[in-house]
Amino acid sequence: MNRNHDLTEGPIIRRLLVFFLPIAAGTLFQQLYNAVDAFVVGKFVGTGALAAVGGSPAILINLIIGFCVSLSGGASVVISHHFGAQSYEEIRSAVKTSYLMSIVLGVIVGALVIVFSPTLLVWLKTPGDTYADALLYQRIYFAGSIFVLVFNMGSGILRAVGDSRNPFYYLVCASIINIVLDLVFVAYFRMGVSGVAYATILSQIVSAILSLYVLTKTDAPYAIRWKELKINGSELKTILSIGLPT
């Protein structure tokens, strides 16, 4: 066990604060994605584009991605239990299951939302003058939803073993990239709504790669090995039993 990430030793209040504060700050940075997108298109494109990005797509993104992230929270709880008990084989099994689950879920969710986006926007009574831009933004965003889920699962694994700092650093890096690309694509290249959508996807790809790099390079029990990824039915059931109610 990495003693630098062991929360069971030393002053508990200090340990908790050091662990919790990066999570709280990271949550704020994660909320910046859509807020920055909406601000940039509102300033450089117009109120119609602002309504398209900040309206129905934002509701669906928060709902669907929030649901998927809650499942990663279930995985984090299971892995943290195994890590605290130093049950290394169970850690490996839970990590394999949860990471493969996030990949499969990302593909399924992305495909379903892309296909059913027109219907979803109609159900949400999206105004006709913003419908085309909202549909474009939503489809581009969910084409990259797998990277959102992969990053959140990777972050959940790291937090489960006591590392909340690295996920925070990745979020800060991704947020800065998102802001810069928003300005480049929208203000300079005049790509409109599609520009902020592509900026968001690219920044999320970066955060996913960073978390994956750490998890594939470590020799710890929570390391990810592509050839070994598989679903363990018992671990999946436990993850879902915790994640679904959340």
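The values are calculated or read from the model by the stated rules, or taken from the named source; none is laboratory data. None of the values given here were measured: they were computed from a predicted structure. Heads up, the Cβs are rebuilt from the backbone with ideal geometry, glycines too, and the neighbour counts pull from every protein chain shown. To get the accessible areas, we keep the full protein, side chains included, count just its heavy atoms, and leave off ligands, DNA and RNA. Shrake-Rupley method; radii C 1.70, N 1.55, O 1.52, S 1.80 Å.
Between VAL107 and GLN31, the FRET efficiency from the beta-carbon distance, with R0 = 22 Å, is close to 0.30.
Dipole of the chain computed with +1 at Lys/Arg Cβ and -1 at Asp/Glu Cβ about the Cα centre; of ALA35, ALA25, SER164, farthest Cα towards the positive end is SER164.
In the chain, taking the dipole from charged Cβ atoms about the Cα centre, the farthest positive-side position among PRO118, ILE239, SER56 is held by ILE239. The stretch between LYS125 and LYS230, if pulled fully straight at 0.36 nm per residue, gains 33.7 nm over its current Cα-Cα span. Assuming charge only on the beta carbon of Lys and Arg (+1) and of Asp and Glu (-1), the dipole of the chain about its Cα centre is about 140 debye to the nearest 20.
Phi angles of region 233-239 translate, via the Karplus equation with coefficients 6.51, -1.76, 1.60 and θ = phi - 60°, into HN-Hα couplings of x, 5, 5, 4, 4, 5, 4 Hz per residue; Gly and Pro are given as x. Going by the alpha-carbon gyration tensor, a ≥ b ≥ c the square roots of its eigenvalues, is region 117-246 rounded (a/c under 1.5) or, if a/c is not under 1.5, prolate (a/b greater than b/c) versus oblate? Since a/c reaches 1.5 but b/c is at least a/b, the shape of region 117-246 is classed as oblate. Rg ratio for the chain: its Cα radius of gyration over 2.2 N^0.38 Å, N being its residue count, equals 1.06. With θ taken as phi - 60° and the Karplus curve 6.51 cos²θ - 1.76 cosθ + 1.60 applied, the whole-hertz 3J(HN,Hα) list for region 83-98 is 5, x, 7, 6, 8, 5, 5, 5, 4, 4, 5, 5, 5, 4, 5, 5 Hz, x standing for glycine and proline. With each label modelled as a point 7 angstrom along the Cα→C-beta vector, the VAL184-ASP219 pair spans 3.8 nm.
Structural descriptor for the chain: relative contact order 32 percent, calculated from alpha carbon pairs under 8 angstrom and at least 6 residues apart.
Candidate cross-link partners of LYS237 among the aspartates and glutamates, defined by an alpha-carbon separation under 15 Å and a same-chain spacing of 8 or more, comprise GLU90. Summing Lys and Arg as +1 and Asp and Glu as -1 over all other residues whose Cβ lies under 13 Å from the Cβ of ARG225 gives a net charge of +3. Note on region 126-246: dipole from Cβ charges, positive end direction compared against THR218, PHE189, TYR131; the farthest Cα belongs to THR218. Protein-only accessible surface at a 1.4 angstrom probe places the residues LYS125, LYS96, LYS227, LYS43 in the order LYS227, LYS125, LYS43, LYS96, largest first.
Here the contact order of region 129-246, divided by its residue count and restricted to Cα pairs under 8 Å and six or more residues apart, works out to 30 percent.
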